[in-house]
Structure formats: C-alpha cells, structure tokens
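**Q** I have a structure I would like to understand better, so I am pasting it below and will then ask my questions one at a time.
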Amino acid sequence: VGRAASTVSIIAVNAILASSWEQAEFGAFGAIWVLANTLVPIFLLGLPTSLLYFFPRRSNTSALVAQTFLVLAISAVALVVLLWLTGARLVDLLDIETKGGRVDLLPFLPYIFSLVVGGLIEPVLIAARRHNWQAVLALIASIALVGVAIIGNVLAWSVREVLAAFSVVGMVRLVVGSGLVVGAVGRSEGRWVDGQGFRSYLAYTLPIAGSDSVGSLSRYIDRYVVLGLELGPYGLYHVGALEMPVSLLLAAVVSVLVPEVSRLYKAGQLQEIARLWREAIARLALIVVPLFFFLFFFAGTVILAIFPDEYADAQWIFRIFLLALPLRIAVYNPLLVGMGKARWAMWGSIGDLGLNLALSIALSYTLKIYLPQWALVGPALATVISTYVQVVFLVGMIGWHLKWRLVDLLPWTYLLRLCSFSL
C-alpha cells in the first residue's frame with residue numbers, strides 16, 4: 001500500500017504538471033526530478049539495504065539505527081553542499097531551461113536532503129515489524145505531493161515554486177518518520193558505538209553502495225544521453241519513460257525477502273530460499289505478465305488517458321520500455337545481497353552501465369543520421385537490451401551460488417501458461 005501510494009502519486013504529479021505547463025517547463029521539471037533520483041541512491045551509500053540485512057542479526061538495534069542516521073546525515077549534508085556549489089553548472093550542462101530562463105536548484109535542496117536522511121525510515125519500520133506505520137506515512141506524504149501539484153496547477157505556480165513546496169512536504173515527512181523510527185526501536189541498550197560491529201556494517205555496505213550507485217547511473221543514463229545529445233523534446237521522452245507501478249511490488253518484495261534470505265542462507269537452508277524465490281516469482285508474474293500484454297497493445301490509449309494530446313508520440317518510447325517489464329517478475333540483486341554476495345550484484349550493475357552507455361550513444365548517433373525522426377528511441381532501446389544482458393548474468397550467478405539447475409530457477413511451465421493466457 002505504501003509503495004502503491006508513492007508510485008501512483010508520482011504518475012499523478014507528472015500528469016497534473018504536464019497539463020499545467022508547456023513542454024519546456026515540464027521538461028525542466030522532469031530533468032531536475034531525474035537528477036535528484038540519480039544522486040539520492042548514490043548518497044544513500046547502500047545503507048537502507050544493509051540495514052535490512054543487519055537488523056535481524058543485531059541485539060542492540062537502536063544503536064545500529066543511530067549509527068545509520070549519523071552517516072546518512074553527513075552524506076545528505078555533503079550532497080546538498082555539492083549541489084549548492086555546482087547546481088548552476090549542472091543546470092547549464094543539462095540545458096535545464098524554461099521560458100523564464102534557467103531553473104535554480106536551491107528550492108529543491110531540502111527535499112533531496114530529506115530523501116537521503118529519511119532513507120532509513122522504511123527499512124527500519126519494516127524490519128521492526130511496523131510496516132503499517134510505513135504504509136500510513138507513505139500514503140500521507142503521497143497525498144501531500146499530489147496536493148502540491150493540484151495547488152500549483154490552480155495558482156499557476158512556476159517550477160521553482162512547486163519544487164519549494166515539495167521541499168516542505170519532504171522535511172515534514174522526515175520529522176514525522178524519524179519520530180516513528182524512535183518509537184519502533186526504543187532507546188539504545190549498551191554501547192552506542194560498537195567499533196567492531198560498525199566496521200563490519202560499513203564493510204558490508206561498501207559493495208552495495210557501489211552497486212546502487214552504478215545501478216542508479218545506469219537506470220537514468222538514457223535520460224542524460226537524450227539531454228546531452230539533444231535528440232528531441234525531453235518532456236516527451238520523460239513521459240514515455242514513466243514507470244508503471246510495478247516497482248512498488250518489487251520494492252515490497254525486496255524489503256521482506258532480504259532479511260528472510262539472510263536468515264535462511266545463514267542456516268544453510270538453500271532449498272527453502274529456492275522455494276521462497278519461486279513463490280515470489282509466481283505471485284509477481286500473476287500481475288506483471290498480464291499487465292505487460294495489456295499495456296503494450298493499448299499504450300497509445302494509456303498515454304492519452306494520463307497526459308495531454310501533445311504527448312501522443314511518447315507511446316512509442318513507452319512501448320520500448322515495456323519490453324523490459326516481463327523481467328520484473330523477480331528480484332535479482334537483492335537476492336544476492338541477502339546471501340552476502342553483494343559484490344556480484346555490483347559487477348552486474350557495472351556491466352549494465354557500460355553497455356547501456358555505449359549502446360545509447362551508438363544507437364542515438366546511428367538513428368540521428370539515418371532516421372532522425374526516431375532518434376529519441378535510441379536510448380530506450382539501449383536500456384532494454386542492456387537490462388536483458390544484466391538479468392541473464394545475475395540469474396546465472398544466483399543459480400551458481402545456490403547450486404540450482406537451470407530448470408529449477410524459474411517455474412517455467414507456470415510462466416508459459418500465464419503468457420499464453422495473457423496473450
């Protein structure tokens with residue numbers, strides 16, 4: 001529920017603002033939003049995922065949470081200072097401009113700060129079995145973001161004013177969420193700083209941080225290619241690249257699966273991990289596979305139901321990204337992380353980033369020369385191809401570490417029946 005609220009609110013905010021502003025203003029907002037979503041996972045340092053792994057293994061959980069909060073606060077300050085010093089150059093480099101001129105990043109910095117420091121709220125509440133608290137918090141914050149977009153539409157706010165209002169929502173969510181975290185874990189028992197435990201925590205976090213950082217860059221590298229090579233209207237691409245709410249299911253599965261896999265792997269129960277993973281795949285596929293077929297064939301209708309008519313051509317970019325949707329029936333990196341094999345996840349992300357960047361540039365230049373009207377789809381194609389290559393690698397690593405045969409990796413017969421029925 002919490003993830004659904006967050007994801008649906010982002011789609012609603014984009015739809016409202018796209019109808020409020022011209023393409024230049026909406027494109028500038030989309031570029032700033034993508035910039036924030038690229039940098040925040042990098043400066044989270046892999047700590048939210050590590051927290052899910054270590055929380056069930058530590059007795060003094062409140063000390064673990066306090067240490068995580070301190071590190072994230074330092075990281076958030078570093079990110080804000082970095083953007084404050086380089087924001088104008090980044091805006092110029094990415095050509096983020098509206099009819100009123102260049103957009104200032106300063107009003108959005110508190111929101112970015114709140115995302116980094118608040119990165120521990122969800123994993124702590126879930127690991128502490130306070131998932132209902134997390135759902136309510138996410139629901140209220142999502143309603144507030146949509147409310148800002150509606151008010152901005154009615155009062156004809158500029159991009160700067162909308163970003164400032166988002167910052168207010170983000171800081172309020174951080175304060176309330178921090179209070180919920182304190183209520184969930186209670187006071188510290190024993191030493192606040194356990195040198196040995198903290199070092200092992202950070203050592204485990206490093207490869208996850210590397211994987212998350214590379215994964216974040218890889219996830220949005222196509223957007224930066226579109227901006228850098230000026231392939232077409234960025235607002236159009238931003239609409240086509242809009243994710244469907246499937247990620248909310250995956251994130252929910254990750255939050256629950258990582259602590260459980262960590263416990264089972266420690267106990268040597270590899271077959272139980274296999275059963276759990278296949279069961280998760282079967283349930284995810286029941287939603288993802290039919291959704292893929294429906295959205296692919298009715299992409300044009302879906303886009304025009306959400307966005308104004310001027311974004312109709314975004315359906316082709318949307319269809320290309322949908323080709324990667326069937327891969328969302330499973331989680332890959334988090335399974336390796338839960339088994340303590342985070343380095344393999346990191347190498348998979350590095351390979352994905354390199355391949356995605358190379359293909360994005362190559363396809364964009366090729367289409368720009370021979371089919372300029374289709375140049376905008378080049379980065380989207382590159383993203384889908386590199387994603388398939390990465391998943392093949394990760395599934396191979398999962399099978400190798402858990403000593404599974406190829407036939408044991410997925411419920412093949414079930415998936416074939418489901419695809420046939422959906423088609």
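The values are calculated or read from the model by the stated rules, or taken from the named source; none is laboratory data. Please read all numbers here as calculations on a predicted model, not as lab measurements. Because the Cβ atoms are built from the backbone with ideal geometry, glycine has one as well, and the counts that use them run over all protein chains shown. Keep in mind that these areas ignore ligands, DNA and RNA; they rest on the heavy atoms of the full protein, side chains included. Shrake-Rupley method; radii C 1.70, N 1.55, O 1.52, S 1.80 Å.
**Q** Consider the range 127-177. How many of its residues are open to solvent by 50 Å² or more (accessible area, probe 1.4 Å), of a type in the set (A, V, I, L, M, F, W, C) and either in contact with a Cys (Cβ under 7 Å, 6 or more places away or on another chain) or over 21 Å from residue 256 (Cβ atoms) (or both)?
**A** Total meeting the criteria: 13.
**Q** Let me ask another. Do we have residue 359 as open to solvent by less than 60 Å² (accessible area, probe 1.4 Å) and farther than 18 Å from residue 276 by Cβ here?
**A** Yes.
**Q** Still on this structure: What about residue 394, is it at pLDDT below 90 and closer than 30 Å to residue 276 by Cβ?
**A** The answer is yes for residue 394.
**Q** Return the pairs, sorted by first residue and then second, in which the second residue is not β-branched (Val, Ile, Thr) and not in a loop (DSSP other than H, G, I, E, B), the first residue lies in the range 268-293 and is modelled with pLDDT under 85, the beta carbons are less than 6 Å apart, and the residues are 6+ apart or on different chains.
**A** Qualifying pairs under 6 Å: 272/264; 273/264.
**Q** Any chance the range 399-418 includes a residue that's of a type in the set (Ser, Thr, Tyr), farther than 25 Å from residue 215 by Cβ and assigned to a helix (DSSP H, G or I)?
**A** yes
**Q** Any chance the range 309-327 includes a residue that's modelled with pLDDT of 90 or more, basic (Lys, Arg) and in contact with a helix residue (DSSP H, G or I) (Cβ under 6 Å, 6 or more places away or on another chain)?
**A** Scanning the range 309-327, I find at least one residue that is modelled with pLDDT of 90 or more, basic (Lys, Arg) and in contact with a helix residue (DSSP H, G or I) (Cβ under 6 Å, 6 or more places away or on another chain), so the answer is yes.
**Q** What helices (runs of 4 or more DSSP H), lying completely within the range 9-123, carry at least 3 residues that are in contact (Cβ under 8 Å) with a residue 12 or more places away in the chain and among the polar types (S, T, N, Q)?
**A** 23-43, 61-93
**Q** Kindly list, by first and then second residue, each pair from a residue in the range 148-163 that is under 19 Å from residue 31 (Cα atoms) and acidic (Asp, Glu) to a residue that is assigned to a helix (DSSP H, G or I) and open to solvent by less than 70 Å² (accessible area, probe 1.4 Å), limited to pairs with Cβ atoms under 7 Å and residues at least 6 apart or on different chains.
**A** 161/152
**Q** Quick one: residue 20 ticks every box in (1) closer than 30 Å to residue 202 by Cβ; (2) surrounded by fewer than 21 Cβ atoms within 10 Å (Cβ to Cβ) bar one, so which box is it?
**A** Only one criterion is unmet by residue 20, namely (1).
**Q** Within the range 263-307, can you find the residues that are hydroxyl-bearing (Ser, Thr, Tyr) and surrounded by fewer than 18 Cβ atoms within 10 Å (Cβ to Cβ)?
**A** 301
**Q** Before we move on, is residue 125 at pLDDT below 90, closer than 22 Å to residue 245 by Cβ, among the aliphatic types (A, V, I, L, M) and touching a Phe, Trp or Tyr at 6+ places or on another chain (Cβ under 7 Å)?
**A** Yes; evaluated as a whole, the condition is true for this residue.
**Q** Right, another one. Return the pairs, sorted by first residue and then second, in which the second residue is open to solvent by 80 Å² or more (accessible area, probe 1.4 Å), the first residue lies in the range 369-386 and is farther than 14 Å from residue 323 by Cα, the beta carbons are less than 7 Å apart, and the residues are 6+ apart or on different chains.
**A** 375/368
**Q** Residue by residue through the range 396-411, note down the ones that are free of Cβ contacts under 8 Å to residues at least 24 places away in the same chain and either open to solvent by less than 70 Å² (accessible area, probe 1.4 Å) or more than 28 Å from the chain's Cα centre (by Cα) (or both).
**A** Across the range 396-411, the qualifying residues are 396, 399, 405, 406, 407, 409.
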